[in-house]
Structures are given as C-alpha cells and as structure tokens.
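Notes follow once the structure below has been shown.
Coordinate-derived values only; no laboratory data. These numbers come from a predicted model, not from an experiment. Cβ sites come from the backbone with ideal geometry, for glycine too, and all protein chains shown count toward neighbours.
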C-alpha cells in the first residue's frame, strides 16, 4: 500500500481516478470496513485507485485537546489495518492549527481537488469537516458538483442493537467489556508494546510473565483477562493481569503482565501484540502468596478451557 502525507508528498502518478474514503478511522471498526469495501468496489468498477484519507494528529487534539478521547490505535496500527483491508493507498493529512481554521471549501479545493484530484469521495453518515466542523455531507456533495467529483455516504452500521462507532468501542473498552468491543470492531481489541524487565514475581509463583510497556493510549481497566499474544507471526493463548499488584504492596501505576500458556522463551526487548478476548475477574489483594498462586492457577485453567472451546 502506498502511503503519502499532506502537504509533503505529491500524489503518485499511478493513482488514477482516486476513489476516496474520508474520515478518522480510529479503530477501523465494522462501520469503517463497510466504507472501505464500498470504495474498493467502486474503484474496481471505474478502473481507479482505492484510497483512504485520514488525519494525524487526531483533529480533536488540535481543536479541543481538553476533550480529546484516547485513541483506539496508534498511527502505525491504523495504517497497518488499512493496508490489511486491501486498500491501495493511504493519504495522511497533517492536521495543524492552521488547517483547523480552513473553511470547508478551502479543504476540499486544496486537499481533495488540487492534491489528490479525486474522482469520488465516500464518508460516514455523520462526517463533518472544516472550521468549527461547519461542513457536512450536503455541502460536500455540492462542492463535489462544483469541482467535478462524486460524493456519497454510507449509513451507520448496526451490530445487533448497537450502532457501531469509535465512541462506543472506547466506552466498552474503558468499562472492561472487551468481548463486546471486539464484536463491534470485528476483531480483538489489541495493544502493541515492548517487553520490559519486571520484578520476576510471576516466575517465582510458577507463572512467568511478560511485562508489556504499551504504546497505546487506551488500555482496559485493572483486572484479569483472557488474551492472545502475537509474536513472530504466531498467536498464543495467554492470561493477562492489568493492575497495581496489591498483594505485594502496590505500584504507582498499572502494570500489564501476561502469562503465555505453554511458552517459556525469553522475551525481553521483544515487540508483542496483545489481543483482549474476555474479562475474567477484577484485580484484588490476597492474604498470602499461596492464595494468590491458587487463584492464578484457577485463572489459567479457566482461560485454557476458554481457548480450548475457541480452537485457537
């Protein structure tokens, strides 16, 4: 997948009649995937190039930083997911205070028309753009008629009784409801990071853990989770504790500790992806190390039984 950045990079010559999906695409959930599928189909029909446009940093970080939500993905994760969705190109717009003050027509003319020379633009039903979010789909379609591109929108996607949105996914993860969040995403919610040196208490308990220093902004709340670990192209079942180690006096900030089932390699310095499957229980303090060890054994057995049913 080609990746270009505004305003630094020119549009590649091989991008013909770009059919563009326009949005933030944080989380790349089921609703986003529906837009991407439509864009890929339309690009194929007109022998054009399927492209996703997104913004970095996330616009709320610039226009209302005090209310900006934690993001579901790092910038690298988002581009990786867009590429895996089969889109041919990604156009990343550097969102600056100056750009946030552009009128909607200035954005359309400068970025969509002069930079990308789009043939079609597809957005979600609630997409807003331009200074103070003054631009809506009706205006986008009107500007498209003026500048020679087609504008279309995709209605909200429902999963069971819920409208799928990044806001809803964030709320579910913040509440520890990672299985429900995964249903709206269409895959596990995952965080990336590097394994760092820990206190080795897990090893002393008979359950060695990888301590993950996460690069993601949104981490599920303290508790024990059934998780997966992706390492060197292989996915392993695991059980993860997020918390402050209350049995051992506590830590200043939550620590992410993952015990990979049936795995005994040294992972210090390794990059991992941790996927959240299901919340098992709250974190709590135990009166003795033996009681903690027994609980970890019970948690591990429960998680192993869960993965046996899932045939991971």
TODO: Could you calculate the contour length gain from residue 283 to residue 235, that is, 0.36 nm times the residue separation minus the distance between their Cα atoms, to one decimal place in nm?
DONE: 14.8 nm
TODO: Quick one: order 276, 307, 107 by neighbouring beta-carbon count within 10 Å, fewest to most.
DONE: 307, 107, 276
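Take the Cβ-Cβ distance between residue 213 and residue 101 as r, set R0 to 51 Å, and report the resulting FRET efficiency rounded to the nearest 0.05. Provide the component values of the computation, followed by the final result.
Working: r = 37 Å, r/R0 = 0.72.
After rounding, the FRET efficiency stands at 0.85.
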- [ ] For residue 63 and residue 290, calculate 0.36 nm times their separation in residues minus their Cα-Cα distance, and state this gained length in nm to one decimal.
- [x] 76.5 nm
Open item on the list: Just to verify a number: FRET efficiency for residue 109 and residue 41, C-beta to C-beta distance, R0 = 22 Å, to 0.05?
Closed with: 0.20
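Mind jotting down a quarter of the surface of the convex hull over the alpha carbons of the stretch 2-159, in square nanometres, one decimal? List each step's numbers first, then the result.
Details: hull surface 35.2 nm².
It is 8.8 nm².
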Open item on the list: Using a 10 Å cut-off around each Cβ, can you sort 132, 257 from fewest to most neighbouring Cβ atoms?
Closed with: 132, 257
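Which value in deg cm²/dmol, rounded to the nearest 500, describes the helix-derived mean residue ellipticity at 222 nm for the chain, given -39,500 (n - 2.57) per DSSP H run of n ≥ 4 and division by the residue count? Before the final figure, lay out the partial values.
On the way: 10 runs with 93 residues, N = 312.
Using -39500 (n - 2.57) per qualifying helix, the result is -8500 deg cm²/dmol.
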Task: Cα extents of the stretch 188-310 along the three principal axes, largest first (Å) - done: 39, 34, 27
- [ ] May I ask you to sort 133, 109, 170 by Cβ crowding, counting other Cβ atoms within 10 Å and putting the fewest first?
- [x] 133, 109, 170
TODO: Find the centroid of the Cα atoms in the stretch 245-275 and in the stretch 22-65, then give the distance between the two in whole Å.
DONE: 34 Å
TODO: May I ask for the percentage of alpha-carbon pairs in the stretch 225-288 that lie more than 14 Å from each other?
DONE: 61 percent
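Report, for the chain, the % of DSSP beta bridges that are antiparallel, rounded to 5. Show your work: numbers first, answer last.
Working: 38 of 61 bridges.
That works out to approximately 60 percent antiparallel.
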Task: Per residue Cα convex hull volume in Å³ - calculated over the stretch 209-258 - done: 89 Å³
Task: Debye intensity ratio I(q)/I(0), log10, the chain, q values 0.13, 0.14, 0.15, 0.16 Å⁻¹ (C-alpha model) - done: -0.94, -1.04, -1.14, -1.24
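Using Cα-Cα distances under 8 Å and only pairs 6 or more residues apart, what relative contact order does the chain have, in percent? Spell out each step's value before the answer.
On the way: 584 pairs, mean separation 48.7, N = 312.
It comes to 16 percent, rounded to a whole number.
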